[in-house]
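The values are calculated or read from the model by the stated rules, or taken from the named source; none is laboratory data. In this text, all values refer to a predicted model and were calculated from it rather than measured experimentally. Here the Cβ is made from the backbone with ideal geometry for all residues, glycine too, and neighbour counts use every protein chain on show.
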2 protein chains.
Amino acid sequence: MSAADLAAVLLAGHFRYDYDDPKSPANDRLIFSKGHASPLVYGLFRAAGVLSEEEFGTYRLFGSRLEGHPTPVLPWVDVATGSLGQGLPIGVGMALAGKQLDRLPFRVWVICGDSEMAEGSMWEAIEHASFYELDNLTAIIDVNRLGQRGETMHGWNLSYFARRLDACGWNAIEVDGHDVEQIEAAYEEAESTTGKPTAIVAKTLKGKGYSKVENQDGWHGKAIAEEAIEELGGVRNIVVDVPKPQAGKPHEFETADADWPTYEIGSKIATRRAYGDALAALGAADGKVVALDGEVSNSTYAEIFGKEHPERFFEMFIAEQQLVAAAVGMQVLGWKPFASTFAAFLSRAYDFVRMAAISRATIKLCGSHAGVSIGEDGPSQMALEDIAEFRAIHGSTVLYPSDGNQTVKLVRAMADLDGISFLRTTRADTPVIYGSDEEFPIGGSKTVREGDDVAIVGAGITLHEALEAAETLEAEGISARVIDLYSVKPIDAETLRGLQMPIVTVEDHWPEGGLGEAVLAALAGLEETPRVTKLAVRDLPHSGKPDQLLNAAGIDAEHIAEAARQLVRERATA
Amino acid sequence: MSAADLAAVLLAGHFRYDYDDPKSPANDRLIFSKGHASPLVYGLFRAAGVLSEEEFGTYRLFGSRLEGHPTPVLPWVDVATGSLGQGLPIGVGMALAGKQLDRLPFRVWVICGDSEMAEGSMWEAIEHASFYELDNLTAIIDVNRLGQRGETMHGWNLSYFARRLDACGWNAIEVDGHDVEQIEAAYEEAESTTGKPTAIVAKTLKGKGYSKVENQDGWHGKAIAEEAIEELGGVRNIVVDVPKPQAGKPHEFETADADWPTYEIGSKIATRRAYGDALAALGAADGKVVALDGEVSNSTYAEIFGKEHPERFFEMFIAEQQLVAAAVGMQVLGWKPFASTFAAFLSRAYDFVRMAAISRATIKLCGSHAGVSIGEDGPSQMALEDIAEFRAIHGSTVLYPSDGNQTVKLVRAMADLDGISFLRTTRADTPVIYGSDEEFPIGGSKTVREGDDVAIVGAGITLHEALEAAETLEAEGISARVIDLYSVKPIDAETLRGLQMPIVTVEDHWPEGGLGEAVLAALAGLEETPRVTKLAVRDLPHSGKPDQLLNAAGIDAEHIAEAARQLVRERATA
């Protein structure tokens, strides 16, 4: 109710949108960053004439499209909100796409709550919007002063918000959020301001128009329907003639035949480097591919893409939440974003990835420097929880290549995957073991070495250790099969369930939620489950050389061979 | 090298610290938020006379305490840094403790990089420091203008930073970071400024003093030792007489005999409510216990603690990164912080939790509103990845109570746990099934119902569904054992490995990394592994009534009973 006047004026004269063609690239975009204002969101759809009164009455009921917080099950909702502080960073991604990719004059409007201005992610967005001069972006801040359990830090101190926004390089306008003329003037000013984004800081009343709750604490999220409608003048079923956008087609980038990188078997290349090579080649072949990085592109090798396709490369600086949010915003407009940073630092954006899945977003994430094998930089830089993190995202794909040619194939596959996909890359140079003509289907695995006594299942850096262990074991008369589980999710359950021999799993990751548990889950329910020994990082690592750290963690060839021996011995005595 | 002058002036005259007694509550605190400045951190320890030249030479070697980024394996390091943007929010926690808990005049100094000012978490810290008038906090911003791969967004635009800080209510001072007198004056001003924190925005040169790299791009994280030392005047082994702090003892809060809440068997209470009741009682008994919440204390019920112990309750608003960081800062000073928000929103702070484990921090986290059982609010508010998330934290404890009396016992146990502990609570009222005298040791489980044909393992909301399923099965002649796995990590492997019957696991969580996989991991390596059917949430949930959603997700009594029947049938035909 606090934002109703702001939204009504927007809809009636400024928001240019074809409700019959919600996917039109010419449409303005409207995000309710304060997703708990869902009754207003759905009210706008009523006003636009696209939602029946009957469906409106299904709010929050099982099976309804009108969920407690808006999601894209409705065609006019681009992204799910409800975790505060995400709408504006996503809006930055859309506005960046509008200016630099689509090159269309659509505007992005984001209705923000004042409570959520405490989220750092909002200020990442505000800084980036200014840096990229996103004058096509307008933030409408609904300062109703009341959060869920009381007053916000700043109450109705509008000038606090305005000063901060101004210091960030925004055009900040203070208005009475229930004064239609002031709102109208502010929207006009936003539309005519160039070179910088505009924020409309609006003083509003929570529960505006219903005297029983207006400006009262203690009513957050509580239903108040009938009586309020009566006081507000009854059901009116107003239909607004929402202005349509000018037709326009998004810019298309030139493409060329792809020149996929290949690496010679026996040579050495880091998978992170192959990621950069592959992404650059993909960018040449597919003009929809864009890349973003969190100020570490010389480590993730996204810089190779950046050099070859500077118009489609976005530096997001050390702001991982904005990095992922921008990718989510860009994919709404049909772009294929690949976002990269150290895998450890993607944990900074976990809530954004979680919400991206609820948004049914298709984004591609690459996390480099996985595991203890990074060496000297120490545990703060080592991702040891990322497989668990990304497996536990709805509908995700988790890929973990071990060599350069495999990385290229997996990056190519990622381009066409739906949903959230995650590629885990390794810092160190590793030997190329696959020819460039091998195929690596998503959901598959590779039996790299045949054997009958014991199976070793690894991926990435540990696959090479597994191969070395198998050599050692062969010399002792133990025949070890080595399986490359490059697709951790979806997993090749069929191959794993057919093994009929003891299994060693080995991963450069904590024991929880990683490759080992993925294997155990794939085996669950078998009539006879093989014995499984799970090798993983159990103690907090320190700095050191990669081989010292793999050894100390008990996940190198020596420890794999010992675990395999033990299983073979136990089987013999059983 | 860019921050060396800033650090030297601090050490020589302003930082009050007893290096022989690093745990002294009277000490000032110094955090290098830019943890990659570790050579400078260790250089200060050399200068303070507590680190030998020999050990200094072990930098980044295996087994050395001098890791690539500082960690608390050194007694003079309070918290690990290296994931940017965390030192200042942690410093806010320390400064809050200094003013409101310890009530001692120590100061908190945080050396920040300019690159990390892009992290939203820095601005959460800046806003909170101002709101709480932390004049005992000084941020020293080393503006060397160069990030890892090039220039930052703002280069040497010191006034950009100063304006933003000023707009946030800070005292911002611009200095030449290599001019000793300007630095000295700024520190004096910081010490004498009251009512607001001070930021010293210092223009510096990356690689200062070594002409080959000074102010040059492309040298981030690269070793340059001998030649640089020569140009800088050779090894000098200066020992600085660091000023000692005034002696002082931290404030102690009054305690009383604990009046632990109890609930009658058969009554109904939400575990989130029991959390609030228990925490308030714990706060009465233990004056070191403090509580923090992310503006949802009327939902997590941390508000009960807040009302009974207002001096030890901290409202962190909608800023989950700051919420967790403040807890980390407070525990450095010996407080026992419990931080709460919706479990879904703790994912916002995942990187902070990850780093807290590397900091060897002891913090207690409570995530409410877990799973689809929250009902109408929809998927954005449902934690479905939190068990995976927290299991994959080094040394963590993951607890998931199903009734009020159990919750009380687990909260009491958390108070004495080391490391990161996480309590998952449920929105809905659930029946009290345990007496208030039952004990629930960490790492244990409860066999709530005996049975021989099949075991059902659940926790939290699903335990009640499991009990209902067991009733149904009994009527059909199937004897189902029901196990309450309230301690998901550490797990009661002994009980699970002794089951010798098929198992149904059931969790209000995604299938990955949760309770089911924890059970599978506990069973791995058994000679004969029982068949396990894992029930978990597989499709993206929508809004609806809790029972509709538990049913739709296939984790209610009906689906549990069917999975158990199936296993019993298969066993009979095997």
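Mind checking which residues of segment B:416-439 are more than 21 Å from B:ASP386 (Cβ to Cβ) and crowded, with 18+ Cβ neighbours inside 10 Å? Those that are more than 21 Å from B:ASP386 (Cβ to Cβ) and crowded, with 18+ Cβ neighbours inside 10 Å: B:VAL432, B:ILE433, B:TYR434.
Among helices (runs of 4 or more DSSP H) entirely within segment B:306-398, having at least 3 residues that are more than 8 Å from chain A (Cβ to nearest Cβ) and β-branched (Val, Ile, Thr) singles out B:320-332.
Residues of segment B:440-480 that are buried (at least 21 other Cβ atoms within 10 Å of the Cβ), outside any helix (DSSP H, G or I) and of a type outside the set (S, T, N, Q): B:PHE440, B:LYS446, B:VAL454, B:ALA455, B:ILE456, B:VAL457, B:GLY458, B:ALA459, B:GLY460, B:ALA480.
For segment A:232-260, what are the residues that are farther than 30 Å from A:PHE106 by Cα and surrounded by 13 or more Cβ atoms within 10 Å (Cβ to Cβ)?
Answer for segment A:232-260, where residues must be farther than 30 Å from A:PHE106 by Cα and surrounded by 13 or more Cβ atoms within 10 Å (Cβ to Cβ): A:LEU232, A:ALA258, A:TRP260.
State all residues of segment B:506-520 that are among the hydrophobic types (A, V, I, L, M, F, W, C), within 22 Å of B:ARG481 (Cβ to Cβ) and in contact (Cβ under 8 Å) with a residue 24 or more places away in the chain; if no residue qualifies, say none.
Initially, segment B:506-520 is screened for residues among the hydrophobic types (A, V, I, L, M, F, W, C), giving B:506, B:510, B:515, B:518-520.
Now drop any that are not within 22 Å of B:ARG481 (Cβ to Cβ), which leaves B:506, B:515, B:518-520.
Correct list: B:VAL506, B:LEU515, B:ALA518, B:VAL519.
Quick check on my filter: what residues within segment A:335-381 are of a type in the set (Phe, Trp, Tyr) and closer than 25 Å to B:ALA343 by Cβ? Of everything in segment A:335-381, those that are of a type in the set (Phe, Trp, Tyr) and closer than 25 Å to B:ALA343 by Cβ turn out to be A:PHE345, A:TYR350, A:PHE352. If only residues of segment B:279-296 that are out of contact with any Phe, Trp or Tyr (no Cβ under 6 Å at 6 or more places or on another chain) and in a helix (DSSP H, G or I) are counted, the one that is surrounded by the most Cβ atoms within 10 Å (Cβ to Cβ) is B:LEU282.
Of all residues in segment B:25-67, count the ones that are within 29 Å of B:GLY248 (Cβ to Cβ) and either among the hydrophobic types (A, V, I, L, M, F, W, C) or surrounded by fewer than 16 Cβ atoms within 10 Å (Cβ to Cβ) (or both). Selection size over segment B:25-67: 13. Scanning segment A:25-59 for residues that are assigned to a loop (DSSP other than H, G, I, E, B) and within 19 Å of A:SER359 (Cβ to Cβ) turns up A:PRO25, A:ASN27, A:ASP28, A:SER33, A:LYS34. For residues in segment A:126-168 being part of a loop (DSSP other than H, G, I, E, B) and touching a Phe, Trp or Tyr at 6+ places or on another chain (Cβ under 8 Å), which is modelled with the lowest pLDDT? Selected residue: A:GLY147. For B:ARG481, the conditions (1) under 33 Å from the mean Cα position of the chain (by Cα); (2) under 21 Å from B:ALA524 (Cα atoms) are fulfilled apart from (1).
Across segment B:175-208, the number of residues qualifying as within 14 Å of chain A (Cβ to nearest Cβ) and touching a Lys or Arg at 6+ places or on another chain (Cβ under 9 Å) comes to 0.
Would you confirm whether any residue within segment B:71-87 is away from chain A (no Cβ under 14 Å), acidic (Asp, Glu), crowded, with 19+ Cβ neighbours inside 10 Å and touching a strand residue (DSSP E or B) at 6+ places or on another chain (Cβ under 9 Å)? Spell out how you get there, then give the answer.
Of the residues in segment B:71-87, the ones away from chain A (no Cβ under 14 Å) are B:75-76, B:78.
Next, from what is left, pick out any that are acidic (Asp, Glu): B:78.
With the extra rule that they be crowded, with 19+ Cβ neighbours inside 10 Å, the set shrinks to B:78.
Retained after the next criterion (residues that are touching a strand residue (DSSP E or B) at 6+ places or on another chain (Cβ under 9 Å)): B:78.
Yes.
The lone criterion from (1) surrounded by fewer than 19 Cβ atoms within 10 Å (Cβ to Cβ); (2) at the interface with another protein chain (Cβ under 8 Å from one of its Cβ atoms) left unmet by B:GLY498 is number (2). In the condition set (1) under 36 Å from the mean Cα position of the chain (by Cα); (2) of a type in the set (S, T, N, Q); (3) on the phi > 0 side of the Ramachandran plot, B:THR495 is compliant with all but (3). Would you check if B:GLY460 is out of contact with any Pro (no Cβ under 8 Å at 6 or more places or on another chain) and closer than 25 Å to B:GLY276 by Cβ? Considered against the rule, which asks whether it is out of contact with any Pro (no Cβ under 8 Å at 6 or more places or on another chain) and closer than 25 Å to B:GLY276 by Cβ, B:GLY460 comes out as no. Within segment B:204-229, the set of residues being of a type in the set (A, V, I, L, M, F, W, C), at pLDDT below 80 and in a loop (DSSP other than H, G, I, E, B) comprises B:TRP219, B:ALA223, B:ILE224.
For B:VAL408, the test of being in a strand (DSSP E or B), at negative phi and more than 14 Å from chain A (Cβ to nearest Cβ) is failed.
Residue pairs whose Cβ atoms lie under 6 Å apart, sitting 6 or more positions apart in sequence or on different chains, and linking a residue in segment A:157-171 that is facing chain B (nearest Cβ under 7 Å) to a partner that is part of a helix (DSSP H, G or I), are A:ARG163/B:ALA167; A:ARG164/B:ALA167; A:ALA167/B:ARG163; A:ALA167/B:ARG164; A:ALA167/B:ALA167; A:CYS168/A:ILE126; A:CYS168/A:GLU127; A:CYS168/A:SER130. A single member of B:ALA469, B:ALA572 is farther than 30 Å from A:ARG538 by Cβ, more than 10 Å from chain A (Cβ to nearest Cβ) and modelled with pLDDT of 95 or more, and it is B:ALA469. The listed residues are A:GLY98, A:GLY68, A:GLY63, and the only one of them that is within 14 Å of chain B (Cβ to nearest Cβ) and closer than 30 Å to A:ARG348 by Cβ turns out to be A:GLY68. No other residue among A:SER445, A:SER396, A:SER380, A:SER359 is free of Cβ contacts under 8 Å to residues at least 60 places away in the same chain, touching a helix residue (DSSP H, G or I) at 6+ places or on another chain (Cβ under 7 Å) and over 28 Å from A:GLU468 (Cβ atoms) apart from A:SER380. Within segment B:541-561, being among the polar types (S, T, N, Q) and more than 10 Å from chain A (Cβ to nearest Cβ) holds for no residue.
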